[in-house]
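One structure below.
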Amino acid sequence: MSDQQIGVVGAGTMGQGIAQVVAASGFNVRLFDVAEEQLGRAKANIDKGLGKLVTKEKISEADKSAALARLSTTTTLNALSDCTIIIEAAPEQPELKEKLFRDLSQMSSTAILASNTSSLSLTRLAAVCEHPERVVGMHFFNPVPVLKLVEVIRAEQTSDATVTEIETLAKALGKTAVPVGDAPGFAVNRLLVPMINEAAFIVQEGTATPEAIDNAMKLGAAHPMGPLALADLIGLDVCLAIMEVLQEGFGDPKYRPCPLLKRMVAAGYLGRKSGRGFYHYD
């Protein structure tokens with residue numbers, strides 16, 4: 001257990017998951033979001049997530065209560081000024097993230113600033129900060145309480161000490177840290193999202209249905225979940241954004257986003273979070 005204060009910026013799906021794992025691992029966590037109602041939803045979802053662990057007998061009711069007691073929320077960014085590590089989990093918008101990192105860097109000269117970005121350049125984020133050596137990527141995977149991987153991305157400016165501290169934190173959270181260089185999509189998404197994009201092309205061409213593609217990959221490639229069901233879980237808007245980052249970053253036509261994927265996002269068919277993607281959800 002630790003009295004270390006860790007900040008999380010953004011109370012969406014990833015921010016909620018990160019905050020839950022941090023609190024359950026014995027750290028004090030302060031969750032920031034601009035919207036009070038989103039913080040309310042986040043607290044309810046974290047309570048529910050911890051409750052599932054109690055039901056599965058992975059933690060006790062006392063553990064759940066202690067974790068919730070270590071969680072606080074705020075709509076004031078400056079409330080994170082006493083945090084030793086701040087994990088940013090805001091939407092994948094470069095301008096938004098750059099503003100957050102600039103503000104956080106000015107707010108604290110000692111905190112490590114870690115981004116949960118799934119594809120954006122850490123070097124670019126570090127460049128807007130007063131202490132770029134303290135900027136690093138800490139890419140969790142959804143659902144955060146379940147998946148063990150954390151990609152640790154070193155920007156050009158990141159110090160060895162910063163990487164070591166983040167790897168130590170990942171281990172304390174029960175995660176496995178895998179070092180990855182600062183390139184578009186890093187490792188997992190550079191492999192995974194083009195596969196999802198290609199699956200969308202197969203659907204668009206009428207070669208196979210989403211169900212057929214997913215069954216084929218589960219049965220023929222030993223994938224625990226098919227690529228299009230996974231795309232719905234990730235969010236089709238997130239998949240599209242990553243493809244666009246890959247296309248821009250590498251300038252290679254093989255990263256061209258599938259027109260069907262673009263149309264689905266434009267229609268608001270984003271997957272599980274909207275109730276409809278490649279599949280329908282109640």
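Filter LYS56/LYS148; LYS171/LYS218; LYS58/LYS148; LYS64/LYS273 down to the pairs with a C-alpha to C-alpha distance above 20 Å, please.
Checking Cα-Cα distances, LYS171/LYS218; LYS64/LYS273 exceed 20 Å.
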Structure-based [θ]222 nm, the chain - -39500 (n - 2.57) summed over DSSP H runs of at least 4, per residue, nearest 500: -14500 deg cm²/dmol
J(HN,Hα) series, the stretch 54-60, from Karplus relation 6.51 cos²θ - 1.76 cosθ + 1.60, nearest Hz, glycine and proline x: 5, 4, 7, 6, 8, 9, 9
Sulfur and carbon atoms: percent of accessible area, the chain [1.4 Å]: 53
Accessible area per residue in Å² at 1.4 Å probe, computed on the chain: 47
Rounded D (µm²/s) - the stretch 5-181, Kirkwood Rh over Cα pairs, Stokes-Einstein at 37 °C, 0.692 mPa s: 206
Cα-based helix-to-principal-axis angle, 188-204 vs the chain, degrees rounded to 10: 30
Ranked packing of 106-114, 133-141, most packed first, by mean Cβ within 10 Å: 133-141, 106-114
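Nothing charged except the Cβ atoms of Lys and Arg (+1) and of Asp and Glu (-1): what's the magnitude of the dipole of the stretch 5-181 about its Cα centre? Round to the nearest 20 debye.
540
The values are calculated or read from the model by the stated rules, or taken from the named source; none is laboratory data. The structure displayed is predicted, hence computed values, not measured ones. When we count neighbours, we look across all protein chains shown, and the Cβ atoms used for this are built from the backbone with ideal geometry, even at glycine. When the accessible area is computed, the model is the full protein with side chains, heavy atoms only, and any ligands, DNA or RNA have been set aside. Shrake-Rupley method; radii C 1.70, N 1.55, O 1.52, S 1.80 Å.
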